[in-house]
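Colleague: Handing you this structure, nothing more for now.
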Amino acid sequence: MVTGSRASIEAFIDDLTAYEAERVFNPWTMNCDAVDVAESFGVRRNNLHAVLSACADAKEVDVWIGRDLGWRGGRRTGVALVDESSLHDYARSIEVAGLRKATAGPTMRERTATEIHLARARVSQKVFFWNVFPFHPHEDGKPQSNRMHTRQERDVGLGFLTRVLELLPVRRVVTIGNDATHALQAADVTCYPVRHPSYGGQKEFHQQVNVHYGFAMEEPSQADLFL
């Protein structure tokens with residue numbers, strides 16, 4: 001392994017699973033009463049372990065960083081910014097086998113993950129996805145909702161983020177949205193910011209990704225987004 005040892009990856013994931021807080025779902029140690037089965041958190045932990053190990057073994061990777069897990073995406077898969085519909089395509093892109101759907105019922109698609117998957121598919125570089133706050137913060141009593149992480153949660157997340165960047169052979173860091181960009185800049189981490197694709201920002205998001213990677217814009221049609 002180029003950067004992170006097996007032992008350091010295991011220690012990192014152990015520390016992730018040990019984190020507990022109110023109004024926070026930890027997908028690597030908790031199960032959702034609505035959609036999970038008994039082994040779901042273990043599947044998500046194995047997914048993260050496989051992805052992190054594959055990216056640590058790579059010659060170099062780019063790290064794309066969002067704000068926090070969404071309830072339709074990384075909360076269900078255990079992989080940041082990757083939903084169930086893009087899980088296997090992402091696995092192929094980083095040459096890892098064995099990623100599994102962790103939840104019961106139909107496959108769920110997340111709008112943000114869909115846009116990011118479209119952008120990532122145009123990039124030949126291997127990409128590792130992470131978040132400033134790597135867990136799923138939700139509203140009180142509403143586990144299937146999203147909220148902004150607090151300042152204290154951001155500080156916790158930046159500790160995990162620093163360790164991720166030490167484990168991986170990082171070529172560049174791309175931050176998705178202002179919240180991620182400001183957090184990384186405050187931590188004095190050099191990053192390439194792009195707009196978040198939600199709330200009408202998808203066209204600018206794709207344009208900015210293309211600028212950073214130096215290829216011509218191919219705008220996805222609205223009809224293509226949820227095929």
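Colleague: Taking the condition of being small (Gly, Ala, Ser) and in contact with a helix residue (DSSP H, G or I) (Cβ under 7 Å, 6 or more places away or on another chain), how many residues in region 46-61 meet it?
Modeller: Going through region 46-61 one residue at a time, the tally reaches 2.
Colleague: Now a separate question. When the residues of region 1-27 are narrowed to those that are assigned to a loop (DSSP other than H, G, I, E, B) and over 15 Å from residue 137 (Cβ atoms), which ends up modelled with the highest pLDDT?
Modeller: Per the stated criteria, the residue is 5.
Colleague: Separate question: Please indicate, with yes or no, whether at least one residue in region 168-186 is aliphatic (A, V, I, L, M) and at pLDDT below 95.
Modeller: Yes.
Colleague: Can you tell me how many residues in region 190-212 are of a type in the set (Phe, Trp, Tyr), modelled with pLDDT under 95 and surrounded by 13 or more Cβ atoms within 10 Å (Cβ to Cβ)?
Modeller: 0
Colleague: Considering each of 63, 51 in turn, give the residue that is of a type in the set (A, V, I, L, M), in contact (Cβ under 8 Å) with a residue 40 or more places away in the chain and part of a strand (DSSP E or B).
Modeller: Only one candidate qualifies: 63.
Colleague: Let me ask another. Output the residue which, of all residues in region 162-189 that are of a type in the set (S, T, N, Q) and buried (at least 17 other Cβ atoms within 10 Å of the Cβ), is nearest to the chain's Cα centre (by Cα).
Modeller: Filtering region 162-189 for residues that are of a type in the set (S, T, N, Q) and buried (at least 17 other Cβ atoms within 10 Å of the Cβ), the one nearest to the chain's Cα centre (by Cα) comes out as 175.
Colleague: Let me ask another. Tell me, please, whether a residue that is in contact (Cβ under 8 Å) with a residue 24 or more places away in the chain, among the acidic types (Asp, Glu), touching a strand residue (DSSP E or B) at 6+ places or on another chain (Cβ under 7 Å) and closer than 28 Å to residue 213 by Cβ can be found in region 31-39.
Modeller: no
Colleague: Follow-up question, since we're still on this one. Can you name the residue in region 44-57 that is among the hydrophobic types (A, V, I, L, M, F, W, C) and surrounded by fewer than 21 Cβ atoms within 10 Å (Cβ to Cβ) and, of all such residues, is nearest to residue 124 (Cα to Cα)?
Modeller: 54
The values are calculated or read from the model by the stated rules, or taken from the named source; none is laboratory data. This one's a predicted model, so the numbers in the text were calculated from it and none came from an experiment. Ideal geometry is used to build each Cβ from the backbone, glycine not excepted, and the neighbour counts take in all protein chains shown.
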